[in-house]
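Asks: Questions regarding the structure given below will be posed in turn.
Quick note: the coordinates plus some simple rules give every number you see, no bench work behind them. As the structure is a computational prediction, the values presented were derived from the model and not from experiment. Heads up, the Cβs are rebuilt from the backbone with ideal geometry, glycines too, and the neighbour counts pull from every protein chain shown.
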Amino acid sequence: MAKLTGQTIASSYDQLLIVNDADGISSSLQAVESADTGGSVSALQISTVAACIDNPTASSATQGGKLVLQSDDGDVMASGHRLGVIEFSGAEDTSSTITVGARIEALCDATWSGTENGADLVFYTTDADATQSEGMRLTADAGTLFSKAVTTGVDDTGVDVRVYSATASEGLHYDASEDELGLLLTTKLKFHDIGGGEEIYASANGHLEVNSGTTLDITAPTVDINASTAVTIDAASTKIEGAGQCEFYRTSSATNSTSNVVNIRHVSDGDMADDFGTGVAFSATDSGATTVLGQMRFIRDGDDNEGRFVVLGRTNGAETVLDIPASGAFSIGSGLQFQEVAHQTTGIANDSFHTAFTASTGEDGWWIVYCTMEDASGADTRAIFYAYSTSSGNTRDSHNEIDSRMGRQWSGNNFQIKHTEGSTRTIQFSAYRFHTG
């Protein structure tokens, strides 16, 4: 009151503040104003239970009640210094011991200057025995930091959550009514780091991609892959490994037909030639070393729609043990130990020789020719001819078994057969060679 010293009451009215109520401060808000008649009315309104800041100026984007918390000790604000604080407190006992239950404060995040005025707005709550801790911070760069658990909505009601992206219509959307969390459009779910190769995303509508920069592991007691159309594995090499057996099966309601269970295909960008095809290798690993035991191959043989079946075994699974070409004249055994050299059904005139097979010049070996023929009475008759060649093809002989109406002879390198049943007869015969070396 020193500034009123020496003044009369009348001359000091403008320096006195009053509430305009005969009973003074009441439970209703009253403006604090100058005591002089016609004095100015302040923005502050008070009552016995509340205080209000009122701005009577026409409302706009820049108007409204304003509360200023200011720190000015004549020095520069430093990083971590508090600009102002609002505390929420109450009595914790009947002795009017006041305890803060929550507070909001503004802290400088750097030393202030003419070009730096950053500050964080920090929210604290009190738990247990007057222990305050930070719950949320609005940072100077407009970020939000939550220091405790974040819950949206309430159980059995829920709320939608939308996180927008820098790309239009992308981002994250939780739809509470659908119980669905969506990564919209091509938004990626990343693992390990942002920008890395480990990700799950939809590259297009109906197309989901799972990518990994190095390795993708799927570990479970049972892994089911259910596809209504096809399962495609595109890799430089594919390995299926397990302690038990590997099964491939195809379900079908058919009981009298055969369907491919596995289709093994070799794809070439060029025009395939003979010996191009596909195969399966059978190998075993012992003490870290893998050895090929055998192979099965189907390869082109003469034409694109004709195939040759080859089985390899013995040493390192590299020797041919079965060879069935497109002609059907098969060979069995390493080094062609058993080989079909001819298979034919043909009409042969009476007592006329027909070449069954031709041996190579200088070739030694044993041959069996098995023939069937319908005789004049309509009954089947059979004959087996044994032929051999020794001394580099210089000694050749044969003999007949079962039916003498069928004959045979060597004519040079040609082994020939005939019949003496009268008219021309249809004879079916197969010739097999046994390798002697």
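Asks: What per residue convex hull volume, in Å³, do the alpha-carbon atoms of the stretch 159-217 yield?
Replies: 115
Asks: Tally Lys and Arg at +1 and Asp and Glu at -1 over the other residues with C-beta under 14 Å from the C-beta of LEU181: what net charge comes out?
Replies: -4
Asks: Using mean Cβ contacts within 10 Å as the protection proxy, how do 308-316, 18-26 order, highest first?
Replies: Output ranking for 308-316, 18-26: 308-316, 18-26.
Asks: Sticking with this structure for a sec: Taking neighbour Cβ counts within 10 Å as the exposure measure, how do ASP109, ASP75, ASP269 sort from fewest upward?
Replies: Going from sparsest to densest Cβ surroundings: ASP269, ASP75, ASP109.
Asks: Another question, then. Residue by residue through the stretch 134-148, which ³J(HN,Hα) values in whole Hz follow from phi under the Karplus form 6.51 cos²θ - 1.76 cosθ + 1.60 (θ = phi - 60°), with glycine and proline marked x?
Replies: 6, x, 8, 9, 8, 7, 4, 8, 6, x, 10, 10, 9, 9, 10
Asks: Hey, another quick one. So between ALA130 and THR315, what do we pick up on full extension, going 0.36 nm a residue minus the alpha carbon distance?
Replies: 58.1 nm
Asks: Another question, then. Taking N as the number of residues in the chain, what value does Rg over Cα atoms divided by 2.2 N^0.38 Å take?
Replies: With N residues counted in the chain, Rg over 2.2 N^0.38 Å equals 2.29.
Asks: Shifting gears a bit: Between PHE338 and ALA176, what is the label-point separation in nm under the 7 Å Cα-to-beta-carbon projection?
Replies: About 8.0 nm separates the two model spin labels.
Asks: Give, rounded to the nearest 20 debye, the magnitude of the charge dipole that the stretch 338-434 has about its Cα centre when Lys and Arg contribute +1 at Cβ and Asp and Glu contribute -1 at Cβ.
Replies: Charge dipole of the stretch 338-434: 140 debye, to the nearest 20.
Asks: List the aspartates and glutamates whose Cα sits under 19 Å from the Cα of LYS66, skipping any in the same chain fewer than 8 residues away.
Replies: List returned: GLU33, ASP54, GLU87, GLU105.
Asks: Ok, one more. What is the Cα centroid distance between the stretch 370-387 and the stretch 258-291, reported in whole angstrom?
Replies: Cα centroid to Cα centroid, the span is 43 Å.
Asks: Which of the listed residues, GLN428, ILE348, GLY365, is farthest toward the dipole's positive end in the stretch 317-437, when Lys, Arg count +1 and Asp, Glu count -1 at the beta-carbon?
Replies: Result: ILE348.
Asks: Choose one of GLY64, THR125, PHE415: the residue whose Cα lies farthest towards the positive end of the charge dipole of the chain (beta-carbon charges +1 Lys, Arg; -1 Asp, Glu; about the Cα centre).
Replies: Among GLY64, THR125, PHE415, the one farthest towards the positive end of the dipole of the chain is PHE415.
Asks: Where the convex hull is taken over the Cα atoms of the stretch 269-386, what is its projected area averaged over directions, in nm²?
Replies: Values: hull surface 49.4 nm².
Averaged projected area of the stretch 269-386's Cα convex hull equals 12.4 nm².
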